[in-house]
Amino acid sequence: PFVSSARYGKDNVRVYKVHRDQATGVQTVYEMTVCCLLEGDIASSYTHADNSVVVATDSIKNTIYITAKQSTVHPPEVYAATLSSHFIEKYGHIHAAHVKVVTHRWTRMDIDGTPHPHSFLRDGEEKRTVEATAHRGEGIAVDSGIQGLTVLKSTGSAFHGFLRDEYTTLPETWDRILSTDVDSTWKWARFADVQAVEKAAPQFDQAWEAARKITLKQFAEDNSASVQATMYKMCENILEAVPGVNHVEYSLPNKHYFELDLSWHKGIKNTGKDAEVYVPQSGPNGLIKCEVSRG
Ligand SMILES: O=c1[nH]c(=O)c2nn[nH]c2[nH]1
């Protein structure tokens with residue numbers, strides 16, 4: 001037997017960084033959870049207990065904090081690219097560094113109509129994600145995304161005309177609740193090096209804002225024929241809005257809300273157009289995935 005693939009490092013590294021604007025007194029905070037995994041000529045550490053090739057995961061953790069101190073952490077794409085490149089430049093036997101940066105929401109409080117200089121709130125567990133992988137001699141791959149943005153619409157969603165056979169019990173519907181946890185990724189054309197990523201810096205916030213706005217607008221406004229049809233429109237719109245991106249993918253759970261027949265109790269009408277009380281389902285859930293690429 002042989003090691004056919006391997007990567008190792010530190011996961012769940014929590015990082016907080018504050019920016020203090022001396023002139024205005026306005027402080028800005030960033031909080032992330034980082035995973036950094038290294039790949040390269042490390043098989044002997046598995047097969048021969050050769051630890052000489054091992055950059056300790058503790059050292060990787062230290063590097064995550066030092067880089068956060070010495071470089072920018074926003075946009076997260078620049079931080080992730082800087083961190084991943086560091087390992088390729090520093091360690092000749094490391095051929096790829098996979099860095100995932102998950103940014104948590106600290107939204108500035110608005111107090112009596114004024115943005116507060118140093119107070120923030122966690123307005124949702126939605127995350128902004130980046131995965132940057134520096135490949136020795138092959139540049140840096142950067143994938144950006146949104147995870148955990150939970151949405152629901154109470155109408156404007158249908159699902160009918162699907163294949164019916166001896167396995168089918170699902171009734172067709174022209175009006176249903178639609179809810180999902182948005183998991184979207186947009187993949188940038190490969191960058192030559194960190195400098196190229198830094199040069200592209202303004203595009204990353206623009207892309208995240210555009211992708212988030214498009215996702216919400218399409219979800220709300222599309223008279224959805226299915227999760228599949230609506231997510232495809234989201235992908236098309238993002239490709240149109242963000243020229244630096246060549247692929248967009250979504251992975252959307254269909255979080256079902258079942259109608260509840262209460263007619264057994266004094267003839268209560270609570271189905272079809274009379275449905276008001278529903279039963280939210282924890283599972284099973286549909287899961288609909290797609291990747292749409294620039295033609
Ligand atoms: O939007 C939907 N897509 C599907 O593929 C599906 N299957 N059951 N319900 C569904 N809803």
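Please go through (1) assigned to a strand (DSSP E or B); (2) away from the ligand (no atom under 16 Å from the Cβ); (3) surrounded by fewer than 19 Cβ atoms within 10 Å (Cβ to Cβ) for GLY124 and return the number of the only condition it doesn't satisfy.
Here GLY124 clears every test but (1).
Considering only residues that are more than 16 Å from the ligand (Cβ to nearest atom) and either assigned to a strand (DSSP E or B) or at pLDDT 95 or above (or both), which ones fall in the range 280-295?
Those that are more than 16 Å from the ligand (Cβ to nearest atom) and either assigned to a strand (DSSP E or B) or at pLDDT 95 or above (or both): SER282, GLU291, VAL292, SER293, ARG294.
How about the range 256-279: which of its residues are within 14 Å of the ligand (Cβ to nearest atom) and not acidic (Asp, Glu)?
In the first step, residues of the range 256-279 are kept if they are within 14 Å of the ligand (Cβ to nearest atom); the result is 256-259.
Those that are within 14 Å of the ligand (Cβ to nearest atom) and not acidic (Asp, Glu): HIS256, TYR257, PHE258.
Open to solvent by 40 Å² or more (accessible area, probe 1.4 Å) and closer than 22 Å to GLY161 by Cβ: which single residue out of GLN206, GLN228, GLN281 fits that description?
GLN228
Could you list all residues from the range 65-87 that are in a helix (DSSP H, G or I) and either in contact with a Lys or Arg (Cβ under 7 Å, 6 or more places away or on another chain) or of a type in the set (Phe, Trp, Tyr) (or both)?
Residues satisfying the conditions are TYR65, ALA68, PRO76, TYR79, PHE87.
Could you count how many residues in the range 234-254 are among the small types (Gly, Ala, Ser) and within 16 Å of the ligand (Cβ to nearest atom)?
Counting residues in the range 234-254 that are among the small types (Gly, Ala, Ser) and within 16 Å of the ligand (Cβ to nearest atom) gives 1.
Looking only at the range 195-233, how many residues end up being in a loop (DSSP other than H, G, I, E, B), within 14 Å of the ligand (Cβ to nearest atom) and aliphatic (A, V, I, L, M)?
1
When residues of the range 127-165 are filtered for being basic (Lys, Arg) and either modelled with pLDDT under 95 or part of a strand (DSSP E or B) (or both), how many remain?
Of the range 127-165, the ones basic (Lys, Arg) are 127-128, 136, 153, 164.
When the remaining residues are screened for being either modelled with pLDDT under 95 or part of a strand (DSSP E or B) (or both), the result is 127-128, 153.
The total comes to 3.
Can you pull out every residue in the range 234-250 that is part of a helix (DSSP H, G or I), aliphatic (A, V, I, L, M) and in contact with a helix residue (DSSP H, G or I) (Cβ under 6 Å, 6 or more places away or on another chain)?
Answer for the range 234-250, where residues must be part of a helix (DSSP H, G or I), aliphatic (A, V, I, L, M) and in contact with a helix residue (DSSP H, G or I) (Cβ under 6 Å, 6 or more places away or on another chain): MET234, ILE238, ALA241.
Please go through the range 239-278 and give me each residue that is open to solvent by 70 Å² or more (accessible area, probe 1.4 Å), of a type in the set (D, E, K, R) and touching a strand residue (DSSP E or B) at 6+ places or on another chain (Cβ under 8 Å), ordered by number.
GLU259
Tell me, yes or no, whether the range 192-209 has at least one residue that is in contact with a Gly (Cβ under 6 Å, 6 or more places away or on another chain) and within 17 Å of ALA141 (Cβ to Cβ). Walk me through it before giving the result.
Residues of the range 192-209 that are in contact with a Gly (Cβ under 6 Å, 6 or more places away or on another chain), as a first pass: 192, 203.
With the extra rule that they be within 17 Å of ALA141 (Cβ to Cβ), the set shrinks to 192, 203.
Scanning the range 192-209 turns up at least one residue that is in contact with a Gly (Cβ under 6 Å, 6 or more places away or on another chain) and within 17 Å of ALA141 (Cβ to Cβ).
The values are calculated or read from the model by the stated rules, or taken from the named source; none is laboratory data. All of these numbers come straight from a predicted model, not from anything done at the bench. Ideal geometry is used to build each Cβ from the backbone, glycine not excepted, and the neighbour counts take in all protein chains shown. Remember, those area values only see protein heavy atoms, side chains included, never the ligands or the DNA or RNA. Shrake-Rupley method; radii C 1.70, N 1.55, O 1.52, S 1.80 Å.
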